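The values are calculated or read from the model by the stated rules, or taken from the named source; none is laboratory data. Since this is a predicted model, take the numbers as computed values, not measurements. Don't worry about glycine lacking a Cβ; one is built from the backbone with ideal geometry, like all the others, and counts go over all protein chains shown.
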Amino acid sequence: MGNARDLGTSPDEVQFRFRDDEPVDHGTVTVDACCDQTNATAVRIEPGDDARLILPFLYRLALVEVNFPVFGDGRGYSAARILREAGFTGELRAVGDIGIDQLSHMRRCGFDSFAPDKRLDEDAARRAFATWENVYQRAADARRTIADKRHEA
Amino acid sequence: MYRYDQYDQAMVEARVEEFRDQARRRLEGKLSEDQFKPLRLMNGLYLQLHAYMLRVAIPYGTLNSRQMEALAMIAEKYDRGYGHFTTRQNIQYNWIRLEDAADALADLASVEMHAIQTSGNCIRNISSDHFAGAAADEVIDPRPYAELLRQWSSFHPEFTYLPRKFKIAVIASEKDRAAMRLHDIGIRIVRNDAGEVGAQFYAGGGMGRTPMIAPLIRDFVPIDQMITYAEAALRVYNRYGRRDNKYKARIKILVHELGAEEYIRQVEEEFAHLLSVGVEPPREELARIAAHFTDPPFADGPKTIDRSDPDFALWVDRNTHRHKHDAYVSAVISLKPVGGIPGDATADQMRIVARLAKLYSFDELRVMHTQNLLLPHVAIKDLKAVWTALDAAGLGAPNMDTIEDIIACPGLDYCSLANARSIPLAQRISERFAETGRTDVVGELKLKISGCINACGHHHAGHIGILGVDKKGVENYQLSLGGSEAEDVSLAKITGPGFDEDGVIAAVEKVTDVYLAARADGERFLDTYRRIGMEPFKEALYG
Amino acid sequence: MRILTGNDLRSGAVVWWNGSGWSLFVDDAVDVGDDAEEILAREEAARRVNVPYAIEASIDEAGHVRPAHIKDRVRALGPTVRRDLAVPTADKTGWDWVI
Ligand code: SF4
């Protein structure tokens, strides 16, 4: 895997994690490399990558990192949902320019670990994850929506 | 009309608290302006030329008297006693203090209103036909569908950081009173041959720098798949819309560059996938929402109008619209007094309008994209009383769709992006035409003015459009002709070199001269232009 | 001359750098010469002003400060269509110089 270590974030850089399993302790490869290599178990998606290219390999992936070089580029939200919709149950890690105010939406799109470039205030982050007691849309977190609650028997 | 339940209420209240926290962090210096800007924008707070500006959403332009009274209260409590109604059926306050913004939002939340997503690269306030639920010509009331879309698009987790802003309009009539095909997505609610309700989708329309008319992308989406289809259309845009150049980031560029066919293919693929995932709200939700939009208890009554007062008769002819119940009409409240600021209303005027809505329109009001207000359901027997009250409040100008009914963006008087002022042009043109008595002679003529290429004043869609440009630090105006935002949608064409302020006013007069000389029986300005083409107008302007 | 302007962080009001603080009146603006960048950085960091920037201006015969760009001249007094809301100034030339 050569310089893969350089590419990804290490478990120490992960500030918030909503999983109990052991984090992957090696680096990630690019989407291209993932499609070529037969043994990669961790991959990193850049904003311009097509997340669907790695769907055939999900069975062997334990970690997918989605990079947000600038928080205003929202392509990674779609990438995350696409992976979850395809049944990916491994760690889905948001990395990069991530602020307090993006956390709740990212969580809803299926991210379950977060490695922000700059560490975030723990209290503020906890509040941010809990911002929405209820939600309008169906998304990757499979929460019951407001409409579901309105119409339950 | 729609009323919040405890969930809707909790959502807007949570948002107010979230914003209160964000504003506090900004004032304490924990957030830089770069970090804070997208957050305040998602709550409708801009920094404009003179101050912060707060844009409040009026979903699909519908509100009740209590909400209008709250808008008046906010104008007085936090602003300078007035507000500006916009072409997106919103209201803007021009002088809000950052320190007060969260309190203003809390006051809005107490009457089921908010400023959520009135800016930023997200799905904006959903607009609709101002005659929805009242027009004689509609297939069905489009507002329940707009409300379903409002809830879906509010705090959408995937679509909050789109390449660019995203505007959706929903109509349900052959007539287009919402510039539907000039939106990022336009939806027309239709019935198929089997009588089933569905949504017809158009995508990739817009004004701005590169105006485009949205092509049809799906003739009929079954209504219980509408949200899923919208989600597919947005996902393709979020993934592939351009992010390298702000001026090419709207969906119209994506649809244009891919070609409608390829965009449609990708959306269909995503749609099929999302149908299998299951993102549609439960069916009963639409029924629940629709129950809020049942007709008010219309009563039979007189159907004829006493036209003995000529001023009243003129207003009736110009400013009322046929209602689906024949003892009622919809009455347009003009915010275009001759020489006035298009779309501005004082707090007192808002209160008067609220009172009239309560007394005479089943407590309902609308904001029109033409920057006017509307009483949707006025009994014909009450019409004289309504007009008398409006007229006394300076709200009775009989000028709907005439050259005095000018759309003008705030322009250089308020807007930090502007190249030139829009409002003074509107004031002078309406004065000129009123003075010379030409308004009546010219008839329907939609004049629209934008202070810059962003086209908030819809100049591309004006029968006559005026665009303010910067000519070496001096205001200059480009004239264009032949646009329409209606069902006969078209984009206006530039006449030629621009004019200074006096010059463009004279030019507008000259073009109407050409029209009056050339018009055939019953032709509107636009019809004549389409028949005779640009040349005679150019000749008169530059020849 | 070069002068500095921005909006007050809390209120949003248009303000002008007067040499020691921010004034509501354009006539108080002072020439900052080459110090613009330094003052801007310091004042924005201190959160006394929002998105401040430097502009060109001149002083007329009567000693009034006249921003070079029309946009800043409009900012100096207020919307030309709501003169009742104008920033109060001692400038007797009224609005003549704005447009
Ligand atoms: S068209 Fe331009 S000047 Fe007018 S309101 Fe929009 S951005 Fe401002």
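Residues in the stretch B:152-187 that are under 24 Å from A:ALA128 (Cα atoms) and of a type in the set (Phe, Trp, Tyr): B:TRP152, B:PHE155, B:PHE159, B:TYR161. Would you call A:SER104 facing chain B (nearest Cβ under 10 Å) and among the hydroxyl-bearing types (Ser, Thr, Tyr)? When the stated conditions are applied, A:SER104 passes them. Taken over the stretch B:78-120, the criterion of being in a helix (DSSP H, G or I) and closer than 23 Å to B:GLN151 by Cα is satisfied by B:ALA102, B:ALA104, B:LEU105, B:ALA106, B:ASP107, B:LEU108, B:ALA109.
Give the number of residues within the stretch B:368-385 that are out of contact with any Ser or Thr (no Cβ under 8 Å at 6 or more places or on another chain) and hydrophobic (A, V, I, L, M, F, W, C).
Going through the stretch B:368-385 one residue at a time, the tally reaches 4.
Residue-by-condition table, conditions (1) at positive phi; (2) among the acidic types (Asp, Glu); (3) touching a helix residue (DSSP H, G or I) at 6+ places or on another chain (Cβ under 8 Å); (4) more than 16 Å from the ligand (Cβ to nearest atom):
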residue: B:ALA455; (1), (2), (3), (4): yes, no, no, no
residue: B:HIS459; (1), (2), (3), (4): no, no, no, no
residue: B:ILE466; (1), (2), (3), (4): no, no, yes, no
residue: B:GLU475; (1), (2), (3), (4): no, yes, yes, no
residue: B:GLU487; (1), (2), (3), (4): no, yes, no, yes
residue: B:GLU501; (1), (2), (3), (4): no, yes, yes, no
residue: B:VAL508; (1), (2), (3), (4): no, no, yes, yes
residue: B:VAL511; (1), (2), (3), (4): no, no, yes, yes
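Suppose the filter is assigned to a loop (DSSP other than H, G, I, E, B), closer than 20 Å to B:VAL367 by Cβ and either over 15 Å from the mean Cα position of the chain (by Cα) or polar (S, T, N, Q) (or both); does B:GLU444 pass it? No: the conditions fail for B:GLU444.
The residues listed here are C:THR93, C:THR80; of these, the one that is within 19 Å of B:SER416 (Cβ to Cβ) and either assigned to a loop (DSSP other than H, G, I, E, B) or among the acidic types (Asp, Glu) (or both) is C:THR80. Quick check on the stretch B:510-521. Is at least one of its residues closer than 26 Å to B:THR210 by Cβ, aromatic (Phe, Trp, Tyr) and either modelled with pLDDT of 95 or more or part of a loop (DSSP other than H, G, I, E, B) (or both)? There is no residue in the stretch B:510-521 that is closer than 26 Å to B:THR210 by Cβ, aromatic (Phe, Trp, Tyr) and either modelled with pLDDT of 95 or more or part of a loop (DSSP other than H, G, I, E, B) (or both). Out of curiosity, is B:ALA426 over 17 Å from the mean Cα position of the chain (by Cα), surrounded by 24 or more Cβ atoms within 10 Å (Cβ to Cβ), within 15 Å of the ligand (Cβ to nearest atom) and not in a helix (DSSP H, G or I)? Here the answer is no, as B:ALA426 does not meet what is asked. Could you tell me whether any residue of the stretch B:223-236 is part of a loop (DSSP other than H, G, I, E, B) and either within 14 Å of chain A (Cβ to nearest Cβ) or crowded, with 24+ Cβ neighbours inside 10 Å (or both)? Checking the stretch B:223-236: not a single residue is part of a loop (DSSP other than H, G, I, E, B) and either within 14 Å of chain A (Cβ to nearest Cβ) or crowded, with 24+ Cβ neighbours inside 10 Å (or both).
Out of C:ASP72, C:ASP60, C:ASP96, C:ASP91, one residue alone is among the charged types (D, E, K, R), away from chain B (no Cβ under 13 Å) and crowded, with 18+ Cβ neighbours inside 10 Å. It is C:ASP91. One residue stands out in the stretch B:40-64 among those that are buried (at least 21 other Cβ atoms within 10 Å of the Cβ) and in a helix (DSSP H, G or I): the one that is nearest to the other protein chains (Cβ to nearest Cβ), namely B:ARG40.
Yes/no per residue for (1) surrounded by 23 or more Cβ atoms within 10 Å (Cβ to Cβ); (2) within 11 Å of another protein chain (Cβ to nearest Cβ):
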{"site": "B:ASP382", "(1), (2)": "no, no"}
{"site": "B:THR388", "(1), (2)": "no, no"}
{"site": "B:ALA392", "(1), (2)": "no, no"}
{"site": "B:GLY411", "(1), (2)": "yes, yes"}
{"site": "B:SER422", "(1), (2)": "yes, yes"}
{"site": "B:ALA434", "(1), (2)": "no, no"}
{"site": "B:GLY437", "(1), (2)": "no, no"}
{"site": "B:LEU447", "(1), (2)": "yes, no"}
{"site": "B:ILE453", "(1), (2)": "no, no"}
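Which one is farthest from the other protein chains (Cβ to nearest Cβ), of the residues in the stretch B:371-380 that are away from the ligand (no atom under 16 Å from the Cβ) and in contact (Cβ under 8 Å) with a residue 60 or more places away in the chain?
Step one: list which residues in the stretch B:371-380 are away from the ligand (no atom under 16 Å from the Cβ), which gives B:372-380.
Next, from what is left, pick out any that are in contact (Cβ under 8 Å) with a residue 60 or more places away in the chain: B:372-374, B:376-377, B:379-380.
Numbers: B:ASN372: 18, B:LEU373: 20, B:LEU374: 25, B:PRO376: 27, B:HIS377: 28, B:ALA379: 35, B:ILE380: 37 Å.
It comes out as B:ILE380.
Residues in the stretch A:93-147 that are closer than 30 Å to B:LEU286 by Cα, in contact with a Gly (Cβ under 9 Å, 6 or more places away or on another chain) and among the basic types (Lys, Arg): A:ARG138 only. For the stretch C:1-41, the set of residues classified as farther than 26 Å from C:ALA62 by Cβ, free of Cβ contacts under 8 Å to residues at least 40 places away in the same chain and within 11 Å of another protein chain (Cβ to nearest Cβ) consists of C:ARG10, C:SER11, C:GLY12, listed by residue number.
Inspect the stretch A:87-100 for any residue being within 11 Å of chain B (Cβ to nearest Cβ), in a loop (DSSP other than H, G, I, E, B) and buried (at least 20 other Cβ atoms within 10 Å of the Cβ) and give the result as yes or no.
For the stretch A:87-100, residues within 11 Å of chain B (Cβ to nearest Cβ), in a loop (DSSP other than H, G, I, E, B) and buried (at least 20 other Cβ atoms within 10 Å of the Cβ): absent.
For the stretch A:129-147, a residue qualifies if it is part of a helix (DSSP H, G or I) and either surrounded by 22 or more Cβ atoms within 10 Å (Cβ to Cβ) or at the interface with chain B (Cβ under 8 Å from one of its Cβ atoms) (or both), and the qualifying residues are A:ILE146, A:ALA147. Scan the stretch B:355-367 for residues that are outside any strand (DSSP E or B) and surrounded by fewer than 23 Cβ atoms within 10 Å (Cβ to Cβ) and the total you get is 6. When B:ARG421, B:ARG438, B:ARG432 are checked against the criterion of being among the basic types (Lys, Arg), within 11 Å of the ligand (Cβ to nearest atom), over 24 Å from B:ALA214 (Cα atoms) and modelled with pLDDT of 95 or more, a single residue qualifies: B:ARG421. Checked against (1) free of Cβ contacts under 8 Å to residues at least 24 places away in the same chain; (2) in a loop (DSSP other than H, G, I, E, B), B:PRO497 passes all but a single condition, namely (1).
Within the stretch B:301-315, being part of a helix (DSSP H, G or I) and either small (Gly, Ala, Ser) or within 31 Å of the chain's Cα centre (by Cα) (or both) holds for B:ASP311, B:PHE312, B:ALA313, B:LEU314, B:TRP315. Across the stretch B:184-196, a minimum of one residue is classified as more than 27 Å from B:GLU284 (Cα to Cα) and either crowded, with 21+ Cβ neighbours inside 10 Å or in contact with a strand residue (DSSP E or B) (Cβ under 6 Å, 6 or more places away or on another chain) (or both). Residues that are in a loop (DSSP other than H, G, I, E, B) and out of contact with any Phe, Trp or Tyr (no Cβ under 6 Å at 6 or more places or on another chain) were ranked within the stretch A:101-120; the one that is surrounded by the fewest Cβ atoms within 10 Å (Cβ to Cβ) is A:LYS118. Kindly provide the set of residues from the stretch B:398-418 that are in a loop (DSSP other than H, G, I, E, B), within 16 Å of the ligand (Cβ to nearest atom) and touching a helix residue (DSSP H, G or I) at 6+ places or on another chain (Cβ under 9 Å), ordered by number. Listed by number, the residues that qualify are B:ILE406, B:CYS409, B:PRO410, B:TYR414, B:SER416, B:ALA418. Against the list (1) within 11 Å of chain B (Cβ to nearest Cβ); (2) over 19 Å from B:SER416 (Cβ atoms); (3) surrounded by 15 or more Cβ atoms within 10 Å (Cβ to Cβ), the condition C:ALA46 fails is (3).
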